[in-house]
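Here's the structure we're looking at; comments come further down.
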Amino acid sequence: MIAISRPSIGSEEVKMVTQSLLSGKLAQGALVEELEKEFATYCDTKYAVAVNSGTAAIHTILQALEIEPGDEVIVPAFTFIASASPVIFCGAKVIFCDISASDFCISAEEIAKHISLNTKAVITVDLFGQICDYKKIKSVCGTRISIVEDACQSIGATQDGKKSGSSGKAAAFSLYATKNITSGEGGMITTSSKLIMEKCKRFRNHGQEESKRYDYIEIGYNYRMTDFQAALALAQIKKVENFTAKRILNAQMLSKGLQNIPGLILPSVKPNSRHVFHQYVLRVKENIFGPRSEFVAYLKKNGIFVGIHYPIPLPFTSYFSNMGYRKGDFPVAESMSREVVSLPVHPGLTKKDINYIIETISRYAKNK
Ligand SMILES: *Cc1c(COP(=O)(O)O)cnc(C)c1O
């Protein structure tokens, strides 16, 4: 069986978590602080703030930016729910925006169509491991509209040498078990603004300043990370370059092996950018290749587990169904949701696994 994802845990992780557990300090402490330093250094930002999920990271950033009822926040129609739900936690309105077929990201042109006087922020999702075109997005957002990067899938990605998480006002990362590096559950915020960093630290700890315990400046949450999760993340971040190199190599092998199959559109990498392949997402053109569902079932029968990221554009999920969106409002997101298949690409795969995936797909394509 070849899984769609598997965390890479070695003796370093076991050692660091064990040491942390035996230290007697389980809650947020020195290891969280150390992780924040390492993370900021890795992302080329001044600061990082650890929280307990990627969702909490986005919520905390929006709170620091004072997103509130009456505000509009632009979010891609094709992403995971946690890119949008924090906007609703803040009482603000989600304005959905279509994506580009070439990179699954939102473009400056699409964003521009949705900007109003109430637009306060854009959540740019660097989907599947490739980053949005921030130069252009910055020029349409100007200084009035904050860019919040949802970098949950893109740690280590770059564009023109600039790291994922260093382009917007702040960025959110996830350390969930299936992400490129993990602490089981966990999240990180990166920013180069001292004010945003301080507000984020306050919000994750019940609205208290670190220096003034039991005085509550605002109502915050308990979004703190534990030190043993930070221990796991510290072991993982030391390996992130190795993991990423392996993902890129696996993606290159898949693309080479599958390049001549009619009806499959393989993922493309933009010029001057580093795609970190959180997911290897190909598109099935059903009129040429046949039904996606049969293909997915065949792979499963042959022990290859794939994903569909994502089967329904967010505006068409049940929760948002009363917003008045209609079929055809997000043409690209709608066709992507019918076409995409994510193949295994994680660093735990062997060359043999990759060859097996290529052979199985080639055989299916020939015999169908
Ligand atoms: C994983 C993910 C999140 C949420 O992260 P959690 O740690 O699961 O809360 C948000 N946005 C995107 C794009 C993600 O992939």
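The values are calculated or read from the model by the stated rules, or taken from the named source; none is laboratory data. This is a predicted model, so every value here is computed, not measured. Using ideal geometry, Cβ is built from the backbone for each residue, glycine included, and neighbour counts are taken over all protein chains shown. To get the accessible areas, we keep the full protein, side chains included, count just its heavy atoms, and leave off ligands, DNA and RNA. Shrake-Rupley method; radii C 1.70, N 1.55, O 1.52, S 1.80 Å.
A few remarks follow.
- Across segment 300-327, the qualifying residues are those that are free of Cβ contacts under 8 Å to residues at least 24 places away in the same chain and in a loop (DSSP other than H, G, I, E, B), and the one among them that is least open to solvent (accessible area, probe 1.4 Å) is 324.
- When restricted to residues that are on the phi > 0 side of the Ramachandran plot and within 24 Å of the chain's Cα centre (by Cα), segment 187-211 contains 0.
- Meets criteria (in a helix (DSSP H, G or I), among the acidic types (Asp, Glu) and open to solvent by 30 Å² or more (accessible area, probe 1.4 Å)) for residue 334: no
- Residues that are open to solvent by 10 Å² or more (accessible area, probe 1.4 Å), within 14 Å of the ligand (Cβ to nearest atom) and either closer than 26 Å to residue 109 by Cβ or in contact with a helix residue (DSSP H, G or I) (Cβ under 6 Å, 6 or more places away or on another chain) (or both) within segment 47-81 comprise 55, 80, 81, listed in sequence order.
- Considering each residue of segment 95-109 in turn, at least one proves to be assigned to a helix (DSSP H, G or I), among the charged types (D, E, K, R) and either away from the ligand (no atom under 16 Å from the Cβ) or over 19 Å from the mean Cα position of the chain (by Cα) (or both).
- Pairs where the first residue, in segment 125-137, is without any contact (Cβ under 8 Å) to a residue 60 or more places away in the chain and basic (Lys, Arg) and the second is in a helix (DSSP H, G or I) and within 16 Å of the ligand (Cβ to nearest atom), C-beta under 8 Å, 6+ apart: none
- Residue pairs whose Cβ atoms lie under 7 Å apart, separated by 6 or more positions or on different chains, with the first residue in segment 191-211 and open to solvent by 50 Å² or more (accessible area, probe 1.4 Å) and the second part of a helix (DSSP H, G or I), are 209/202; 210/201.
- Strands (runs of 3 or more DSSP E) within segment 184-299 that include 2 or more residues within 23 Å of residue 36 (Cα to Cα) and touching a strand residue (DSSP E or B) at 6+ places or on another chain (Cβ under 6 Å): 187-191
- Given (1) buried (at least 24 other Cβ atoms within 10 Å of the Cβ); (2) under 24 Å from residue 280 (Cα atoms), index of the condition residue 87 fails: (2)
- Screening segment 142-178 for residues that are over 21 Å from residue 233 (Cα atoms), among the β-branched types (Val, Ile, Thr) and open to solvent by less than 20 Å² (accessible area, probe 1.4 Å) and picking the one that is farthest from the chain's Cα centre (by Cα) gives 145.
A quick yes/no check of all residues on (1) more than 16 Å from the ligand (Cβ to nearest atom); (2) in contact with a Pro (Cβ under 8 Å, 6 or more places away or on another chain):
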site: 154; (1), (2): no, no
site: 161; (1), (2): yes, no
site: 177; (1), (2): no, yes
site: 186; (1), (2): no, no
site: 189; (1), (2): no, no
site: 194; (1), (2): yes, no
site: 211; (1), (2): yes, no
site: 221; (1), (2): no, no
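- Residues that are within 16 Å of the ligand (Cβ to nearest atom) and either farther than 18 Å from residue 271 by Cβ or in a loop (DSSP other than H, G, I, E, B) (or both), drawn from segment 128-146: 130, 131, 132
- Residue match in segment 292-299 (condition: modelled with pLDDT of 95 or more, open to solvent by less than 60 Å² (accessible area, probe 1.4 Å) and of a type in the set (Phe, Trp, Tyr)): yes
- Summed over segment 225-261, residues that are open to solvent by 10 Å² or more (accessible area, probe 1.4 Å), within 13 Å of residue 349 (Cα to Cα) and touching a residue at least 12 places away in the same chain (Cβ under 8 Å) total 5.
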